[in-house]
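Okay, so here's the structure we're looking at.
The values are calculated or read from the model by the stated rules, or taken from the named source; none is laboratory data. Since we're looking at a predicted model, the values are computed, not measured. Cβ atoms come from the backbone with ideal geometry, glycine included; neighbour counts cover every protein chain shown.
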Amino acid sequence: MSIRVLIGDDHPVVRDGLRFCINRWGADIEIVGEASDGTEVLHLAKKQSIDIFIIDIAMPLLNGLDTTRALLREHPTAKVIILSFHKTRSFVEEAMRVGARGYLTKETASQNIVEAIREVAAGRFYLSPDIAQFMVEFTGHGSRANRGIGGLTARERRVLQLTAEGKTAKEIASLLSLATNTVHAHRKNLMTKLDVHKQTDLVRIALREGIIDL
């Protein structure tokens, strides 16, 4: 039986490249869906059976980490491989903390995608060779202090991302089915928790943490 895979990345060229590699070297792997943002990943997960989700960490509307959180709440047995330009320890640890089973850097993804899918499908963890030296050990029991963006609620992370993407309070309210005043309250809480004073600082933090990209 084939390993059923979904690719979630907002860049068509990345999806095309991964699809080419999988189709060429992964005879036992079937791509059953593609998504360009996190909300689409969650929608497709409800419609069909998927074994492995390959999710870009910086997608619009709902970033890869929050997509993984939401996906695993609804589908606890789903297996996620995070895809990212970032290869620092903090990003890898955060991906593991939210429940990802693998982490691929875009720099080497074309070389390792098939191996990563097979390893994760077999119940093992997989890290790109260029970050494997970190030897991240994750136990799932408070390995990181709950500080910075780690201390934000799921709703606050959504507001942070949408604010950094340039959405107005009214637009965010519509997207999240909130009152506009509630969005303003979330922004105020964000600034307090992150110890910043301007909206541009929220954008800077979102870029630094990989929640959005340029």
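Structural remarks
- Every condition in (1) at pLDDT 95 or above; (2) closer than 23 Å to Arg124 by Cβ holds for Ile57 except the one numbered (1).
- Considering residues of segment 17-32 that are of a type in the set (A, V, I, L, M) and part of a helix (DSSP H, G or I) only, the residue surrounded by the fewest Cβ atoms within 10 Å (Cβ to Cβ): Ile22
- Residue among Leu62, Leu72, Leu42 that is assigned to a loop (DSSP other than H, G, I, E, B) and of a type outside the set (S, T, N, Q): Leu62
So that you can scan it fast, the table gives a plain yes or no per residue for (1) in contact with a Pro (Cβ under 8 Å, 6 or more places away or on another chain); (2) in contact (Cβ under 8 Å) with a residue 40 or more places away in the chain; (3) closer than 21 Å to Arg97 by Cα:
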site	(1), (2), (3)
Arg24	no, no, no
Ala27	no, no, no
His43	no, no, no
Ile50	no, yes, no
Gly64	no, yes, yes
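- Among the residues of segment 102-160, those identified as more than 16 Å from the chain's Cα centre (by Cα), assigned to a helix (DSSP H, G or I) and modelled with pLDDT under 75 are Ala132, Gln133, Phe134, Gly148.
- Flag if Thr168 is at pLDDT 90 or above and over 22 Å from Leu65 (Cα atoms): yes
- Segment 162-190, subset more than 22 Å from the chain's Cα centre (by Cα), of a type in the set (A, V, I, L, M, F, W, C) and under 18 Å from Ala206 (Cα atoms), residue surrounded by the fewest Cβ atoms within 10 Å (Cβ to Cβ): Ala169
- If you filter segment 194-214 down to residues that are among the hydrophobic types (A, V, I, L, M, F, W, C) and part of a loop (DSSP other than H, G, I, E, B), you find that the one that is surrounded by the fewest Cβ atoms within 10 Å (Cβ to Cβ) is Leu214.
- For segment 66-116, filtering for residues that are among the acidic types (Asp, Glu) and under 24 Å from Gly17 (Cβ atoms) leaves 2.
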